[in-house]
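Each remark here refers to the structure printed beneath this line.
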Amino acid sequence: MKQMLKNSSQLIAMMLIMAIAIGGATSCKSKRLAKEAAAAEYAAMVEQAKKDLNAIINEETDWSIDEQATRVATIKTYNIDDPEVQELIEKAELKIAELREEAERLAEEERLKREEEARLRAAQSEFAVIDNAFKGVAGAGSYDAANRQIDAALQQFASPDVPVLIIISQAGGFNDYDRPTTISNFLNYLKDRKEYKYKVESVKQDNLGKITEIELITK
């Protein structure tokens, strides 16, 4: 009996030793697998960061500028210790800055364009009365009707001798003019020609609102 108990104790001890050994081996294997998984996850994160940063640099993404900036900021929080990633981050931030500057420039151009269009619409509305008066002279059915139209049109001018400047070309911010004439001569020209092929470009007025100079341009 004593021998059997002794043998049983030895068997239990051996089993305990084996269990500890197996448990230790399993623990080491688990740690190794966890370490490998972490390394693989880190490598995948680095690879995706490089891919996204290159896409931003090469303008190959459909992200908005703010979305691109957010993505770069997120990548920076990873604290990736990789020289290539650090260099790509700098290039991506520079590209985003350039895109913002370009977007601001285009926005400013668009704002100025809208303002100019609004100014032209206002000017066209302001000058519509004058243009219509000139059209009325050219389209009058008879000389008497045209003369009545001329008399009405002259009421808008300071005198019959107000200069009329006709722009024949524009380049580099400068106007090239036809030979100057007066409003009286111009209205009689329209009466004889029976055609008004111009539009008012600008006018100068006195304190009473009477026109003292008028610029026309060929349509």
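The values are calculated or read from the model by the stated rules, or taken from the named source; none is laboratory data. It should be emphasised that the depicted structure is a prediction, and the values quoted were computed from it without experimental measurement. Because the Cβ atoms are built from the backbone with ideal geometry, glycine has one as well, and the counts that use them run over all protein chains shown.
Which of the residues that make up the range 78-92 are farther than 16 Å from ALA44 by Cα and of a type in the set (Val, Ile, Thr)?
ILE89, the sole residue that qualifies.
If you take the residues of the range 155-174 that are within 22 Å of ARG119 (Cβ to Cβ) and surrounded by 15 or more Cβ atoms within 10 Å (Cβ to Cβ), which of them is nearest to the chain's Cα centre (by Cα)?
ILE167
When you look at ALA145, is it hydrophobic (A, V, I, L, M, F, W, C), over 17 Å from THR212 (Cα atoms) and assigned by TED's automatic domain parsing to the domain that holds GLY209, yes or no?
On the way: hydrophobic (A, V, I, L, M, F, W, C): yes; over 17 Å from THR212 (Cα atoms): yes; assigned by TED's automatic domain parsing to the domain that holds GLY209: yes.
Yes: the conditions hold for ALA145.
List every residue pair whose Cβ atoms sit under 9 Å apart, with the two residues 6 or more apart in sequence or on different chains, where the first one lies in the range 136-153 and is touching a residue at least 12 places away in the same chain (Cβ under 8 Å) and of a type in the set (Val, Ile, Thr) and the second, anywhere, is outside any helix (DSSP H, G or I) and surrounded by 14 or more Cβ atoms within 10 Å (Cβ to Cβ).
VAL137/TYR196; ILE150/ALA140
What single numbered condition from (1) over 17 Å from the mean Cα position of the chain (by Cα); (2) among the polar types (S, T, N, Q); (3) surrounded by 11 or more Cβ atoms within 10 Å (Cβ to Cβ); (4) over 26 Å from ILE211 (Cβ atoms) fails to hold for GLN68?
Just one mismatch for GLN68, condition (1).
Quick one: count up the residues across the range 168-185 that are farther than 27 Å from ALA152 by Cβ and either assigned to a strand (DSSP E or B) or among the hydroxyl-bearing types (Ser, Thr, Tyr) (or both). Lay out the reasoning, then the answer.
Of the residues in the range 168-185, the ones farther than 27 Å from ALA152 by Cβ are 168-176.
Within this subset, residues satisfying the condition of being either assigned to a strand (DSSP E or B) or among the hydroxyl-bearing types (Ser, Thr, Tyr) (or both) are 168-171, 174-176.
The total comes to 7.
Quick check: anything in the range 80-94 among the basic types (Lys, Arg), farther than 15 Å from GLN48 by Cα, out of contact with any Gly (no Cβ under 6 Å at 6 or more places or on another chain) and in contact (Cβ under 8 Å) with a residue 12 or more places away in the chain? Steps first, answer last, please.
Kept after step one, since they are among the basic types (Lys, Arg), are these residues of the range 80-94: 91.
Next cut, farther than 15 Å from GLN48 by Cα only: 91.
From what is left, the residues that are out of contact with any Gly (no Cβ under 6 Å at 6 or more places or on another chain) are 91.
With the extra rule that they be in contact (Cβ under 8 Å) with a residue 12 or more places away in the chain, the set shrinks to 91.
For the range 80-94, residues among the basic types (Lys, Arg), farther than 15 Å from GLN48 by Cα, out of contact with any Gly (no Cβ under 6 Å at 6 or more places or on another chain) and in contact (Cβ under 8 Å) with a residue 12 or more places away in the chain: present.
Just to verify a result, which residue in the range 139-154, among those that are assigned to a helix (DSSP H, G or I) and aliphatic (A, V, I, L, M), is surrounded by the fewest Cβ atoms within 10 Å (Cβ to Cβ)?
We begin by selecting, within the range 139-154, every residue assigned to a helix (DSSP H, G or I); these are 143-154.
Narrowing further to those that are aliphatic (A, V, I, L, M): 145-146, 150, 152-154.
Numbers: ALA145: 14, ALA146: 21, ILE150: 22, ALA152: 12, ALA153: 21, LEU154: 17.
Out of the qualifying residues, it is ALA152.
Of the residues ALA153, ALA171, only one is at pLDDT below 95, in the same structural domain as ASN207 (by TED's automatic domain parsing) and among the aliphatic types (A, V, I, L, M); which? Can you show your working first?
Working: ALA153 fails: at pLDDT below 95.
Unique residue meeting the criteria: ALA171.
Failed condition for ASP178, given (1) loosely packed, with under 14 Cβ neighbours inside 10 Å; (2) modelled with pLDDT of 95 or more, with all others met?
(2) is the only condition that ASP178 fails.
So in the range 71-94, with the set limited to residues that are outside any helix (DSSP H, G or I) and of a type in the set (Asp, Glu), which one is surrounded by the fewest Cβ atoms within 10 Å (Cβ to Cβ)?
ASP81
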